[in-house]
1. Taking the Cα centre of the chain as origin, sum charge times position over the Cβ atoms of Lys and Arg (+1) and Asp and Glu (-1), and report the length of that vector in debye to the nearest 20.
2. Past the 20 Å Cα-Cα mark, which pairs from 477/531; 286/312; 531/561?
3. Going toward the positive end of the dipole of the stretch 247-430, with +1 on Lys and Arg Cβ and -1 on Asp and Glu Cβ, which of 387, 345, 268 do you reach last?
4. Please pull out the direction-averaged projected area of the chain, using the convex hull of its alpha-carbon atoms, in nm² to one decimal place.
5. Between residue 292 and residue 439, 0.36 nm times their residue separation minus their Cα-Cα distance comes to what?
6. About the Cα centre of the stretch 550-599, what is the dipole size in debye to 20, counting +1 per Lys and Arg Cβ and -1 per Asp and Glu Cβ, all else neutral?
7. Among DSSP bridges having both ends in the stretch 247-430, what percentage is antiparallel? Round to the nearest 5.
8. For the stretch 538-588 and the stretch 258-277, what is the centre-to-centre distance using only Cα atoms, to the nearest Å?
Amino acid sequence: MPESRRSARAQREAARHDDARSDDDLYTDRPRRSRKGLWITLGVLGGILLIGVGLGATAIVVGPRIADNAIEAADELEKAVPIASTLQQQIIDGDTEGAAASVDEMQVHTSAARALTEDGMWTTFEWVPWVGENLSAVRKAVAAADDLVVGVARPATTLSLDALRPVDGRIDMAQLAEVQAIVDDAYATVEQVGASLDTINRDAVIPQVRDGVRQLDDLMAKVEPYFEPLDRTLEVLPTALGADGPRNYLLLVQNNAESRGTGGNPAAILLLTVDDGKISIAQQAKTQDFNNNRDESILPLDDGLTALYGDKVGRYIQDITVTPSFAESAELVRAFWDESFDTPIDAVISTDPVALARLLKATGPVELPTGETLTSQNAVKVLLSDVYWNYEPEQTDEVFAVAASSVFDTLTSGSAEPRELLAAVVDIAEEGRLLYVPADEAEYEYLAGTRILGEFPADNAETTLLGAYIDDVTEGKLDYYLDTAVTVSTDMCTTESDPTFTISMTLDHTLDPSRVDALPRYVSPARFFPKGHISSDVSVYGPAGAELVDIQVDGSDKNAKTATHLGRPAALVNVRSTPGSTHTVTATFQGTADTDYGDLEAWYTPMVRNTPVTIDAPGCDTAGG
């Protein structure tokens, strides 16, 4: 990807307003920003209407010809606005024929407005002090609207997500290339428009024009972050699907009922092969297939990693996901796999049963060979609770693997509705329930900075990231009953001295105490802790370059393991939860006044149910900073 694409939105970053997201219960429908994200650019015309007011105010001092052009241009843009709203809904509904007609109609108006504001007399007066700045800003804003209609809306009417639908387990690579070309061109238009808007001097224009440009800034700042990961994904997808030769992937399905840093115990591991778009399961493995309880770690471990978690991360495959860095987990699982099966691995992927349940909204129910029917409503309960009541302990991992492969087979059959599937993938990736780490260094670098890589950023320039993670040390599957919530706060936008950053994680043990005695032995063996008790190692991570000030549990200081891990300060404390109890771990970090801090953000262990996140950054332009 050209470097200019990665940096073009920097000047407009202050205009970004994070979309509100709900933390609805797991089984309720979630907001689908992804459906409308691509087309939100069309709403830019609303901002242009404000500029139309500025057109009239500016025109009265530059002569009748420009005044007439300004009034006509404003009228043309006003006519385009309701068409844009109709077009957006047509694209969402898949009405390509109606959408194409709407684009034709809308372009008539935006092109007419553009011609009026690019008139020779108009551009000549752009050299006049004060008046010229306003005329130039209006011309660029009108051109932006026309470019978005021609360069984004028009190609969108030809874009069909059915190109990504597998047929007999294979994705058509030629159709995928067409989708990639359309998105790449649309993204180029968005970046071009953004670069043009960056040249407008907001301080030199009248308030009406400034307000219209500001709305454009807000919208563009939402659109660009949508396009960048989409463009990146489509850039690497052909290679990932075997366009350049066969690829081998390890798919880990993490068990959230026994928490680990990035999700849970990797109870099922599948080897996927991909060749020219054809996807298939080549092998399944479980934890017993590997050399565990070894004397030494299978690979040398980072000193910070062992200071916090010990060397179990490299001695047991069940513990490779304890680290919050999925890049570290991927390296370890490749080593375990190579030792046992000697198969080269091109990338490691992670997901969990909660993500599988979301995908089932797109595929519909899946019948398992074991007799159960998985649906989006029951999959989490079946896989993370019922299985331990209905099967013997030695059978549970096999059921887990069978369920994962059955959902995979359904996904690759092409039965899923592409729009629903894409929406689900976006959701689970944002929550850290879909992680991907390639072995190829160039591909790895290409994905640097994206959530899907599961790796902390090296600095705070774009994102000031704090993390809170859980490693279950109970020996059991009691985390099915553990809910968490995360709060992060900072004074970085209100203080001129060294800023502070605080992260809190609340652990709520939801199990009714009256149900403890009935728990299956495999859920709560009660070997090391009383039955029903959950022992959680909670680790917290501060911003890069910061220092740990203190860490408390329920408001009292707590002895903690501390280390520098993944380039940032970290601390670990143990929390014992009894049924019905609630505990809060709070850590405070101190940064430095001479550091540039980007948006405040929190990462955390994905649990069985959604983890609400509260961000408190007073004085910052956005919820994040």
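1. Values: 48 positive and 100 negative charges, 205 e Å.
So the magnitude is around 980 debye.
2. On the way: 477/531 12 Å; 286/312 18 Å; 531/561 27 Å.
As for pairs spanning more than 20 Å Cα to Cα, those are 531/561.
3. 387
4. Details: hull surface 116.2 nm².
Computing the convex hull of the Cα atoms and averaging its projections yields 29.0 nm².
5. Working: separation 147, 0.36 × 147 = 52.92 nm, distance 2.35 nm.
Extending this stretch completely gives an extra 50.6 nm.
6. So the dipole magnitude of the stretch 550-599 works out to roughly 360 debye.
7. Values: 20 of 25 bridges.
Bridges in the stretch 247-430 that DSSP calls antiparallel: roughly 80 percent.
8. 28 Å
FYI, it's all coordinate maths here, none of it is from the lab. Owing to the predicted nature of the structure, the values given are computational and were not obtained by experimental measurement. With ideal geometry, Cβ positions are generated from the backbone for all residues, glycine too; neighbour counts draw on all protein chains shown.
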